[in-house]
1. Between Asp20 and Ala84, what is the FRET efficiency for a Förster distance of 30 Å, r being their Cβ-Cβ separation, to the nearest 0.05?
2. For Asp112 paired with Thr97, estimate the spin-label separation in nm (one decimal), with each label point 7 Å from Cα along the Cα-to-Cβ line.
3. Rounded to whole Hz and in sequence order, give me ³J(HN,Hα) for the stretch 113-120 from the Karplus expression 6.51 cos²θ - 1.76 cosθ + 1.60, θ = phi - 60°, writing x for Gly and Pro.
4. Label Glu120 and Asn77 with points 7 Å out from Cα along Cα→Cβ: what is the distance between them in nm?
Amino acid sequence: MDIDQGLAQRVRETLLELADFADIHERKMFGALMTLVNGHMTCGISGAKPGSKIRAVTDAGETEEFSHGLVLRVGANRYEEALADPHCHAMDMAGRTMTGFVYVAPSGLEEDADLRRWLELSLSFVLAQPPK
């Protein structure tokens, strides 16, 4: 996997600032480095692996492989809100749209404040779930 280590470190640091009380750990899954909070998939950094089953859905409804962006779990209630951002796309896994999960392009993660906003959105869903 070709993980963006700079983004991975920024995600780690930001999650520790936002949820240092939670159980946070990483696991390699689906061609990405996934971060779990209290046992729930929260976000992941694409490994840019060719042939990955996880794809972004473009505005035209086509799927395309993504690279070096952020897979983010936002939940069904905030899904449309997240998709309103121009850097955000629906996620497709093996031909099925994954409602509640989105892909954020690298251009939407350039500033630390942007990354923090996305992670806060994800944590608002994940921390409301009972720990696994």
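1. Efficiency, rounded to the nearest 0.05: 0.50.
2. 3.6
3. Result, ordered by residue: 5, 5, 4, 4, 4, 5, 5, 4 Hz.
4. Calculated label separation equals 1.7 nm.
Where a number appears in this text, it was derived from the coordinates with a stated rule and is not lab data. No experiment lies behind these values; they were computed from the predicted model shown. As a convention, Cβ positions derive from the backbone with ideal geometry for all residues, glycine included, and neighbour counts pool all protein chains shown.
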